[in-house]
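Input: a single structure, listed below in structure tokens.
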Amino acid sequence: MEVIRRWFSLPQQPKDLNGAESEQEYRQRWITIRVVYLSGFLMFLSFGVMTTSLWPYLEDMDGTAGKHFLSVLFAAPPAGQLLFSPLIGWCSNRLSSVRIPFVLLTAIYVFANGLYSVVELFAAPHRKYVLLIARIAFGVATSVNTLSRAYISAATHLHERTKTIAMSSLAQTLGLVVGPIVQSLVSFIGKEGFLLYNLRINMYTASGWICALSGVMYLMLLTPSTFIDRAVVPNKARDMIGSETAEKVTKRRPLKLFPIVLVLLGYGVLMLFYVSFQTTLSPLSLDQFGWSHAESLYYLGILLTAGTVFSCVIFLLLPQLCQRYSEHNVFLLFAMLPLFLSQALMIPFGSDKVPMQHPANDTSPAVLHGCAQEWCNTVPAIGQLQLTLSYAMLSVSFSVGIAISQTILSKLLGSRPQGQWMALYTSIGGLTRIIGPGAALIYTKYGTYWLFGSGAVATGLMLAWMWLHKNDLSTGQKTESSGGELQELNGAN
């Protein structure tokens with residue numbers, strides 16, 4: 001109960017009772033940060049909804065559109081994010097407040113989900129293209145993640161940042177959890193649904209309208225009385241040493257490009273292999289275990305749900321972990337090492353054979369489930385325990401990696417505006433979501449040895465390179481310290 005009371009009352013922490021920020025300013029700052037959390041939840045809510053319903057909805061709207069166009073629809077959001085994130089980052093560095101970009105991107109989010117829900121109003125030959133426009137618009141809206149990351153970096157003290165980024169990542173993960181649940185709850189409406197003001201409300205469009213309505217409600221939280229920009233580092237610096245000195249030192253401090261590039265590459269490798277693993281998970285389980293589609297949906301649903309819950313727990317424990325160990329060691333030992341293990345554990349070994357499909361003949365009936373690729377005849381099967389352990393390692397790696405890489409990047413950048421760097425960070429994530437699904441082609445053509453063997457080599461080399469330069473990744477600041485923001489500024493006097 002005490003935790004809940006503190007969550008809503010927002011008492012000022014003892015570390016922040018230094019006169020630089022009043023209690024009212026403290027509350028306003030944290031109310032805005034929690035509004036920013038909700039933006040991540042909102043974007044990933046829609047992503048979770050569309051992931052489970054996009055293919056049947058596309059078939060319903062245009063029966064001639066095949067799976068190749070489905071892949072285009074899945075690639076559209078990261079492409080939109082990749083193109084617009086740099087622009088959003090550039091704007092965030094030059095605007096006095098990020099509230100207006102938040103409003104505009106949320107309005108685009110509402111438009112994208114509304115358009116997704118009214119595709120049926122368009123002529124049949126054009127519906128798949130309208131759906132594509134809706135997906136691209138949704139990708140543009142997800143550029144709000146760049147704003148969120150840049151704002152959190154500017155609106156938190158160093159000792160607050162790790163926990164704040166972990167909570168932001170938790171909000172996004174909860175959106176991924178709630179999205180499929182929302183889709184399941186509206187499935188009772190059925191495919192035909194009902195008409196409301198000449199708009200068809202069915203199991204597909206209802207979830208789109210729910211996301212659009214959630215966006216409208218979020219817009220109400222972006223009013224000037226609720227969303228108040230408070231960048232703590234510049235304000236605190238100006239109070240202590242004067243605005244001119246603070247600005248001069250921020251510009252003068254040399255940027256450590258090598259560790260920044262190292263963090264970005266580590267994050268890119270992590271995201272690439274996370275996306276590739278998720279892409280191949282379904283066809284791999286069908287081939288390796290001989291499951292039917294229904295069995296695959298059931299068992300993988302359990303695995304993915306358990307992984308998501310596991311990730312949520314890790315996000316909650318991450319601040320305590322970073323108080324015990326330095327952040328660059330957490331990144332290496334709890335993100336990059338488990339990523340390598342997740343790939344190495346999936347390399348086939350043993351004598352078990354992969355179940356093969358084959359047509360009926362004189363001696364045996366047809367076998368419809370199993371592997372149809374030629375390489376399955378010569379490669380050992382992957383066990384269910386292998387898959388479970390590998391996915392557990394991947395869940396640890398992903399949860400720790402996306403939060404701690406952003407934390408380290410933010411601290412390496414210091415007190416300078418971070419919009420364009422966070423745009424680059426977001427764009428790398430978008431690029432990996434475009435490239436990552438190509439792993440399915442490697443799996444189909446070359447098999448598990450090539451897919452996971454090359455993955456183990458790539459992640460192992462990345463881990464070794466980062467380990468050799470781990471001291472460069474050190475921010476030189478403890479998570480629990482609140483004085484690091486001014487260290488470089490005080491030195492200028």
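Some observations on this one:
- Test: residue 417 is modelled with pLDDT under 90, under 30 Å from residue 154 (Cα atoms) and open to solvent by 40 Å² or more (accessible area, probe 1.4 Å): yes
- The set of residues from the range 173-197 being more than 18 Å from residue 113 (Cα to Cα), under 21 Å from the mean Cα position of the chain (by Cα) and not hydroxyl-bearing (Ser, Thr, Tyr) comprises 174, 177.
- Residue in the range 231-250 that is assigned to a helix (DSSP H, G or I), at pLDDT 80 or above, open to solvent by 50 Å² or more (accessible area, probe 1.4 Å) and not charged (D, E, K, R) present: no
- Boolean, residue 213 is within 15 Å of residue 116 (Cβ to Cβ) and either open to solvent by 40 Å² or more (accessible area, probe 1.4 Å) or modelled with pLDDT under 80 (or both): yes
- For residue 406, the requirement of being open to solvent by 30 Å² or more (accessible area, probe 1.4 Å) and in contact (Cβ under 8 Å) with a residue 60 or more places away in the chain is not met.
- Residue check for residue 111: free of Cβ contacts under 8 Å to residues at least 12 places away in the same chain, farther than 20 Å from residue 37 by Cα and out of contact with any Leu (no Cβ under 9 Å at 6 or more places or on another chain): no
- Some residue of the range 322-335 being open to solvent by 40 Å² or more (accessible area, probe 1.4 Å) and more than 25 Å from residue 460 (Cα to Cα): yes
- Here the helices (runs of 4 or more DSSP H) wholly within the range 253-363 that include at least 1 residues being of a type in the set (Val, Ile, Thr) and over 30 Å from residue 161 (Cα atoms) are 257-289, 293-324.
- Check on residue 128, in contact (Cβ under 8 Å) with a residue 40 or more places away in the chain, touching a Pro at 6+ places or on another chain (Cβ under 6 Å) and open to solvent by 10 Å² or more (accessible area, probe 1.4 Å): no
- Qualifying residue in the range 152-168 (condition: among the polar types (S, T, N, Q), touching a helix residue (DSSP H, G or I) at 6+ places or on another chain (Cβ under 9 Å) and open to solvent by 40 Å² or more (accessible area, probe 1.4 Å)): no
- The residue list 195, 185 contains one member that is surrounded by fewer than 16 Cβ atoms within 10 Å (Cβ to Cβ) and not in a helix (DSSP H, G or I), which is 195.
- Residue 78 passes every criterion in (1) open to solvent by less than 70 Å² (accessible area, probe 1.4 Å); (2) under 19 Å from the mean Cα position of the chain (by Cα); (3) within 30 Å of residue 195 (Cβ to Cβ) apart from (3).
- Within the range 370-386, the set of residues being open to solvent by 10 Å² or more (accessible area, probe 1.4 Å) and either in contact with a Cys (Cβ under 6 Å, 6 or more places away or on another chain) or assigned to a helix (DSSP H, G or I) (or both) comprises 374, 375, 377, 384, 385, 386.
- Residues considered: 96, 143, 117. Of these, the only one that is open to solvent by 10 Å² or more (accessible area, probe 1.4 Å) and of a type outside the set (A, V, I, L, M, F, W, C) is 96.
- Residue check, residue 25 farther than 19 Å from residue 138 by Cα, among the charged types (D, E, K, R) and modelled with pLDDT of 75 or more: yes
This table checks each residue for (1) among the hydroxyl-bearing types (Ser, Thr, Tyr); (2) under 26 Å from residue 71 (Cα atoms); (3) surrounded by fewer than 17 Cβ atoms within 10 Å (Cβ to Cβ); (4) under 24 Å from the mean Cα position of the chain (by Cα).
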site	(1), (2), (3), (4)
427	yes, yes, no, yes
430	no, yes, no, yes
435	no, yes, yes, yes
441	no, yes, yes, yes
444	yes, yes, yes, no
455	no, yes, no, yes
458	no, yes, yes, yes
462	no, no, no, yes
467	no, no, yes, no
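The values are calculated or read from the model by the stated rules, or taken from the named source; none is laboratory data. Everything numeric in this text was worked out from a predicted model, so none of it was measured. Ideal geometry is used to build each Cβ from the backbone, glycine not excepted, and the neighbour counts take in all protein chains shown. Calculation scope for accessible area: heavy atoms of the full protein, side chains included, ligands and nucleic acids excluded. Shrake-Rupley method; radii C 1.70, N 1.55, O 1.52, S 1.80 Å.
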